[in-house]
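This report concerns only the one structure given below.
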Amino acid sequence: MVLCRDQLLTGPFEQQLMDRYEEAVTNAGIEVLGDVKFVFGQTDFGPTVQQLYESDAEAVVVVGGPDETALIARELDARGYGYVDLPTAKGPDFHPQLCGTPVNMGERRWVDLAGDAAKIGSMTGWHIGGMLMTPEVPIVKMAEKHFPDGSHRITGGEEGPADGLYTLVTGVAEAGSLTDRDAVTMAIENYPKFEFAYLPYSFSAEDHQRTKPEELVIISLEYESGPAQTDPPYQLGTEWTNTFKGLKYQPCWVPRPTVKMNAEIHPELVERLLAEGYGSQCTLKDPDATTTIDSFTNECKIH
């Protein structure tokens, strides 16, 4: 795996980034192949892609903006290096899988700009509370109430600011003060459970993170035209018949390999999403069986 990063964006925390990257990749049993740098606003990615080619990496992690990510994907495709599937990426030729951050590869803009160079299977990480694909989500109902004509589509991420404001207002109410910062902070830390835009969350004196590690999900670019041809095969989830209907492409929630971990923190949600067929579905042990956490084959591959 090779890191391809915007040196202007990552420069201020370069050492911390490289340390965390190398630690995470090494712990996963993957070889670290160094990093390739580019500059924000760069338009010619020929030299950058040549460096990536020389690394012969099976995967490229892009840290940058959506515009630069699109240009990297287009340059790879123009040179015949576009991603095909996992077996091809692991083969003798250079066809790396593209991975990135929610800031670049979780944004629709990079796919708009990359066009056909944006391949099924390009991946990023997100969190289960940010996958607002079911009509039961409170913030979706809020949007529908204020925009009954459907002019405002919830895409994911809107729950963050909403929950942030709700947390602050609740903290002020519980503390009985608008100006005593310590009292407000303590009230938030001791509040048992917040629940407003979507999933419940809480804080403590030691943990000020709203999103917990168990909520991590891996999302993969998919197209409405259908899944890639893989062995074993997979199928697109229920979201393509309702929330995503009529959309050419979306970053879709993939139940494996994170779904078992997600169930540890939100068991009822995970059980319902699986029962209703949400998320890209891998090969089932029994095609007629009800989808559960343990109903997939061990050979399941999302490409």
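Taking segment 149-180 as the search range and keeping residues that are out of contact with any Phe, Trp or Tyr (no Cβ under 9 Å at 6 or more places or on another chain) and acidic (Asp, Glu), which one is surrounded by the fewest Cβ atoms within 10 Å (Cβ to Cβ)?
Asp149
Yes/no matrix, rows are residues, columns are (1) within 22 Å of the chain's Cα centre (by Cα); (2) of a type in the set (A, V, I, L, M); (3) not in a loop (DSSP other than H, G, I, E, B):
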{"position": "Met18", "(1), (2), (3)": "yes, yes, yes"}
{"position": "Pro47", "(1), (2), (3)": "no, no, yes"}
{"position": "Glu68", "(1), (2), (3)": "yes, no, yes"}
{"position": "Leu71", "(1), (2), (3)": "yes, yes, yes"}
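Conditions: (1) over 27 Å from Val217 (Cβ atoms); (2) surrounded by 22 or more Cβ atoms within 10 Å (Cβ to Cβ); (3) in contact (Cβ under 8 Å) with a residue 40 or more places away in the chain; (4) of a type outside the set (Lys, Arg). Phe38 meets all but one. Number of the miss?
All conditions are met except number (3).
Have a look at Thr155, Thr134 and point out the one that is of a type in the set (Ser, Thr, Tyr), under 24 Å from the mean Cα position of the chain (by Cα) and closer than 22 Å to Met105 by Cβ.
When all the criteria are applied, what remains is Thr155.
Do the conditions hold for His266, that is, is it more than 17 Å from the chain's Cα centre (by Cα) and either modelled with pLDDT of 55 or more or closer than 26 Å to Arg109 by Cα (or both)?
Yes.
Of the conditions (1) touching a helix residue (DSSP H, G or I) at 6+ places or on another chain (Cβ under 9 Å); (2) assigned to a loop (DSSP other than H, G, I, E, B); (3) surrounded by fewer than 18 Cβ atoms within 10 Å (Cβ to Cβ); (4) not acidic (Asp, Glu), Gln229 fails just one. Which one is it?
Of everything listed in (1) touching a helix residue (DSSP H, G or I) at 6+ places or on another chain (Cβ under 9 Å); (2) assigned to a loop (DSSP other than H, G, I, E, B); (3) surrounded by fewer than 18 Cβ atoms within 10 Å (Cβ to Cβ); (4) not acidic (Asp, Glu), Gln229 misses just condition (1).
The values are calculated or read from the model by the stated rules, or taken from the named source; none is laboratory data. Predicted model only: the values in this text are computed from it and were never measured. Positions of Cβ are generated from backbone atoms using ideal geometry, with glycine treated the same way; all protein chains shown enter the neighbour counts.
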